[in-house]
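So the structure is just underneath, and the comments pick up after that.
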Amino acid sequence: MTVTRSVGAASVTVPVCSSIRPADVEAMFAQHPEMVLTRADVILSEVSWSDKVESLKRIATTLNIGLDSLVFVDDSDFECEAVRTQLPEAAYRLWKSP
């Protein structure tokens with residue numbers, strides 16, 4: 001998250017793409033002891049039960065950017081594989097907690 005915050009400070013937009021309840025996302029920002037990002041760091045939140053590939057497409061459309069401008073970071077092998085195969089233009093990074 002520190003890297004993400006640094007990237008955001010360098011004028012790179014930081015959207016959130018999540019498939020958990022919106023209240024859980026807000027709680028993560030407010031209460032997670034290791035959360036470095038704040039809501040102010042996030043330009044757009046796409047929080048829904050849609051699959052993340054569709055959410056990433058909506059993010060790109062909303063921000064008027066190409067899919068090749070997206071970098072998807074997730075701790076799920078399944079989600080990263082879906083992005084790799086269905087959105088080959090987007091970069092992805094599997095992020096496993098230490």
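All of the numbers you see were taken from the coordinates with simple rules; none came from a lab. Bear in mind that the values here come from a model prediction, so they are computed numbers and not experimental data. All Cβ positions, glycine included, derive from the backbone under ideal geometry; neighbour counts span all protein chains shown.
Rank-order 41-52, 61-72 by packing density, defined as the average count of other C-beta atoms within 10 Å over each peptide's residues, highest first.
On the way: 41-52: 15.7, 61-72: 13.7.
Result, highest mean first: 41-52, 61-72.
Under a GNM of the chain (C-alpha, springs under 10 Å), which listed residue has the highest mean-square fluctuation: Glu81, Glu34, Glu26?
Of Glu81, Glu34, Glu26, the Gaussian network model singles out Glu34 as fluctuating most.
If you average 1/r over all unlike Cα pairs in segment 2-94 and invert the result, what Kirkwood radius do you get in angstrom?
Details: mean 1/r = 0.0729 Å⁻¹.
Kirkwood hydrodynamic radius for segment 2-94: 13.7 Å.
Tell me what the chain gives for mean residue ellipticity at 222 nm when only DSSP H runs of n ≥ 4 count, each as -39,500 (n - 2.57), the sum divided by the residue total, rounded to 500 deg cm²/dmol. Intermediate values should be presented prior to the final figure.
Details: 4 runs with 40 residues, N = 98.
Result for the chain, helices only: -12000 deg cm²/dmol.
Any idea which of Ser76, Ile43, Gln31 is furthest toward the positive side of the dipole for segment 2-94, if Lys and Arg beta-carbons carry +1 and Asp and Glu beta-carbons -1?
Of the candidates, Ile43 comes out farthest on the positive side.
State, as an integer percentage, the relative contact order of segment 2-94 based on alpha-carbon contacts under 8 Å between residues 6 or more apart.
Working: 111 pairs, mean separation 22.1, N = 93.
The value is 24 percent.
State, to one decimal in nm, how far the label point of Glu26 lies from the label point of Val71, with both points 7 Å from Cα in the Cβ direction.
Output for this residue pair reads 3.0 nm.
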